[in-house]
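*Asks:* The following block contains the structure, expressed as structure tokens.
The values are calculated or read from the model by the stated rules, or taken from the named source; none is laboratory data. Not measured: the values here are computed from a predicted model. For neighbour counting, all protein chains shown are included, and Cβ atoms are generated from backbone atoms with ideal geometry for every residue, glycine included.
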């Protein structure tokens with residue numbers, strides 16, 4: 001058994017479902033999951049509207065109800081399709097982070113940048129739906145690369161960069177598939193997926209989601225300047241700042257408090273990805289996700305301690321080599337395969353028994369085998 005298959009849950013290893021069965025299962029589960037997300041999101045919207053109207057007690061009550069709704073609706077509307085449960089978990093995590101992030105900002109919300117500001121019901125919608133707070137200041141937007149002296153600011157084109165990265169991805173498929181090549185290909189595929197969605201869903205004036213990956217000059221630069229910043233705000237307000245403040249109160253030096261904040265931000269994103277991908281990924285795979293994010297955080301701290309803000313080609317090559325290996329790291333657990341096979345077969349039997357009791361289809365249908373790459377390591381702050 002190859003190591004990659006060990007990273008999927010038992011139902012995924014059981015076999016491929018028929019297309020019709022998968023579609024029937026998806027059509028049965030998706031509306032329940034979507035309805036729960038919409039109800040919780042509407043409560044978030046109502047809470048923000050109450051805050052903008054100065055109804056602080058009502059805002060606090062609705063915020064608590066929003067959090068309860070996000071975390072209870074998966075139990076109130078259980079689904080069996082693992083792909084839908086994965087998206088459901090991700091929605092719960094994003095909604096929770098968004099709600100808590102805005103709660104920490106309730107006394108000083110980001111200010112709308114244009115004038116005049118829209119009415120409260122529009123502002124509440126913008127606060128609830130903008131991950132990077134594009135319409136407000138301060139925000140977590142990362143501007144496009146500075147143009148050279150011979151070019152204009154309009155020279156940077158996100159659609160053109162998407163084509164460049166698609167070409168790079170294709171070129172990497174022609175190379176020997178070493179761990180570094182595989183890891184960089186994974187990062188390129190995530191860039192392509194997210195940028196494609198960005199071009200479909202963004203405002204006309206939305207800034208780029210990523211900087212070009214080939215401009216990444218270090219591990220710290222990759223996560224603070226190059227990678228997307230969709231979750232930069234909650235990482236800062238819910239992880240980096242609280243951890244740094246706690247360590248500062250303990251009397252630790254400034255460098256140590258910053259390092260602790262960086263590790264807390266990476267740990268928060270590890271928890272986000274583990275919770276989201278739990279329906280699809282085995283326990284071993286989930287531990288590897290923890291390892292990837294925490295190792296990145298530790299290496300960012302170490303790199304910054306050694307190099308500071310200095311740029312050097314050795315630093316760049318080391319960063320990309322290390323990142324490529326970590327992104328593709330795949331252990332070999334052949335010694336445990338016999339045990340895992342028996343254990344997974346038993347899990348599969350219990351899964352099918354439970355599914356046949358819960359669904360009206362009355363068919364043995366393993367979950368869909370679609371695995372969404374949803375990687376978004378957190379932003380980190382300079383340590384020097």
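*Asks:* Of these, 198, 177, 255, which one is more than 16 Å from the chain's Cα centre (by Cα), farther than 21 Å from residue 304 by Cβ and surrounded by fewer than 21 Cβ atoms within 10 Å (Cβ to Cβ)?
*Replies:* On the way: 198 fails: more than 16 Å from the chain's Cα centre (by Cα); 255 fails: farther than 21 Å from residue 304 by Cβ.
The unique qualifying residue is 177.
*Asks:* Which residues, taken from the stretch 106-131, are surrounded by 15 or more Cβ atoms within 10 Å (Cβ to Cβ) and closer than 22 Å to residue 61 by Cα?
*Replies:* 109, 110, 120, 123, 124, 126, 127, 128
*Asks:* Could you tell me which numbered condition residue 246 fails, if it satisfies all but one of (1) modelled with pLDDT under 90; (2) surrounded by fewer than 17 Cβ atoms within 10 Å (Cβ to Cβ)?
*Replies:* Every condition holds for residue 246 apart from (1).
*Asks:* While we're on this one: I need every pair where a residue in the stretch 96-125 that is touching a residue at least 24 places away in the same chain (Cβ under 8 Å) has its Cβ under 7 Å from the Cβ of a residue that is in a loop (DSSP other than H, G, I, E, B), sequence separation at least 6 or different chains.
*Replies:* Every condition considered, the pairs that remain are 97/231; 110/133; 110/138; 110/139; 112/135; 113/135; 120/53; 123/117.
*Asks:* State the number of residues belonging to the stretch 201-231 that are in a helix (DSSP H, G or I) and either within 19 Å of residue 266 (Cβ to Cβ) or in contact (Cβ under 8 Å) with a residue 12 or more places away in the chain (or both). Give the steps one after another, and end with the answer.
*Replies:* Taking the stretch 201-231 and keeping what is in a helix (DSSP H, G or I), we get 201, 213-215, 219-226.
Restricting the remaining residues to those that are either within 19 Å of residue 266 (Cβ to Cβ) or in contact (Cβ under 8 Å) with a residue 12 or more places away in the chain (or both) gives 213-215, 219-226.
Residues flagged as in a helix (DSSP H, G or I) and either within 19 Å of residue 266 (Cβ to Cβ) or in contact (Cβ under 8 Å) with a residue 12 or more places away in the chain (or both) within the stretch 201-231 amount to 11.
*Asks:* Look at residue 210 and say whether it is out of contact with any strand residue (DSSP E or B) (no Cβ under 9 Å at 6 or more places or on another chain), surrounded by 14 or more Cβ atoms within 10 Å (Cβ to Cβ) and modelled with pLDDT of 85 or more.
*Replies:* Working: out of contact with any strand residue (DSSP E or B) (no Cβ under 9 Å at 6 or more places or on another chain): yes; surrounded by 14 or more Cβ atoms within 10 Å (Cβ to Cβ): yes; modelled with pLDDT of 85 or more: yes.
Spelling it out, residue 210 is indeed out of contact with any strand residue (DSSP E or B) (no Cβ under 9 Å at 6 or more places or on another chain), surrounded by 14 or more Cβ atoms within 10 Å (Cβ to Cβ) and modelled with pLDDT of 85 or more.
*Asks:* Going residue by residue through the stretch 66-77, is there one that turns out to be part of a loop (DSSP other than H, G, I, E, B) and surrounded by fewer than 15 Cβ atoms within 10 Å (Cβ to Cβ)? Steps first, please.
*Replies:* Kept after step one, since they are part of a loop (DSSP other than H, G, I, E, B), are these residues of the stretch 66-77: 77.
So of that shortlist, the ones also surrounded by fewer than 15 Cβ atoms within 10 Å (Cβ to Cβ) come out as none.
No, the stretch 66-77 has no match at all.
*Asks:* Here's something else I'd like to know. Condition first: more than 20 Å from the chain's Cα centre (by Cα) and outside any helix (DSSP H, G or I). Can you find one or more residues in the stretch 80-90 that meet it? Steps first, answer last, please.
*Replies:* Initially, the stretch 80-90 is screened for residues more than 20 Å from the chain's Cα centre (by Cα), giving 80-81.
Those left that are additionally outside any helix (DSSP H, G or I): 80-81.
Yes.
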